[in-house]
Each structure stands twice: as C-alpha cells, then as structure tokens.
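Below: one structure, written as structure tokens.
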Amino acid sequence: MRRLQDNGLVERRAYAEAPPRVEYSLTEIGRTLEDPIRMLTAWARDHGETIAPYQETAGAKNTSKGS
C-alpha cells in the first residue's frame, strides 16, 4: 500500500481513534486503473487454466535449483 501511496494511486487517511483506524481510497489517477484491472482480471479468469501448467513447470524448475 505504501508504494501505491508513494506513486499517487491511493490516499491514506488515519483516524485518531481507539482502536486505530486507517482508510485507503483511490486518487483520481488511481481510478484510471479500474478498467485496465478489470480487463486483466477477466483475461486471467479466461486463460488461467491455460497458463497453469507453465507456472507449475516453472515452479518445479525453481524448486530443483534450490536443492
């Protein structure tokens, strides 16, 4: 969240309450990412099963390198 805040994509608002409360909200520029994120999510939903074997293969290779 800190990196998103540092890049101006989210705004952090802290409240002086007990227990402490913090709220995050998108900035104007952060809201411009809503549609691209929705599109990427839809793509991942549509193609997740197709790329899973590649991820598994890559994970196995990375695990064997650490042995």
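The values are calculated or read from the model by the stated rules, or taken from the named source; none is laboratory data. Everything numeric here is computed off the predicted structure, so don't read it as measured data. Every residue, glycine among them, receives a Cβ derived from its backbone with ideal geometry; neighbour counts consider all protein chains shown. Areas reflect the complete protein model, heavy atoms only, side chains present, ligands, DNA and RNA absent. Shrake-Rupley method; radii C 1.70, N 1.55, O 1.52, S 1.80 Å.
Numerical summary
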item	result
Residue identified as free of Cβ contacts under 8 Å to residues at least 40 places away in the same chain and in contact with an Asp or Glu (Cβ under 6 Å, 6 or more places away or on another chain) among R13, R2	R13
Which listed residue, of A44, A52, is under 18 Å from the mean Cα position of the chain (by Cα), modelled with pLDDT under 95 and of a type outside the set (K, R)	A44
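Matching residues to (1) open to solvent by less than 90 Å² (accessible area, probe 1.4 Å); (2) assigned to a helix (DSSP H, G or I):
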residue: Q5; (1), (2): yes, yes
residue: A14; (1), (2): yes, no
residue: E23; (1), (2): yes, no
residue: D35; (1), (2): no, yes
residue: T41; (1), (2): yes, yes
residue: R45; (1), (2): no, yes
residue: P53; (1), (2): yes, yes
residue: E56; (1), (2): no, yes
